[in-house]
Amino acid sequence: MDPDRSWMYNRNNSSRAGMILEFAEGVTRFINHAKTIDDFLTLREKKREEEIAAAKEVENKRYAALQAQLTFLFESRNILPPCPASSDGSD
């Protein structure tokens, strides 16, 4: 997008009988530029979602490995699961 934005401030002909061609062209350039920014933001958002999904996958693998270890220990009776607290308040 060109830094010259003078077209924004000079919209009408001197007789106020219509728009100046430069204004219409400037609006068209601005819309085209805005469309490319939207594509960039969409691409950046998609990349961020992919990074989040990858991080969740790593975390899930870590949790699955821990769960497999605990399951093995419980099944081999090397460790017992914690006892649930009694509901009557006595320890």
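Here are some notes:
- Segment 22-38 residues that are on the phi > 0 side of the Ramachandran plot and free of Cβ contacts under 8 Å to residues at least 24 places away in the same chain, paired with ones that are among the hydroxyl-bearing types (Ser, Thr, Tyr) and surrounded by fewer than 11 Cβ atoms within 10 Å (Cβ to Cβ) (beta carbon under 8 Å, 6 or more apart): none
- So ASP39, is it in contact with a helix residue (DSSP H, G or I) (Cβ under 8 Å, 6 or more places away or on another chain), at pLDDT below 80 and of a type outside the set (Val, Ile, Thr): no
The values are calculated or read from the model by the stated rules, or taken from the named source; none is laboratory data. Model, not experiment: these values are computed from the prediction. So basically every Cβ, Gly included, is an ideal-geometry build from the backbone, and we count neighbours across all protein chains shown.
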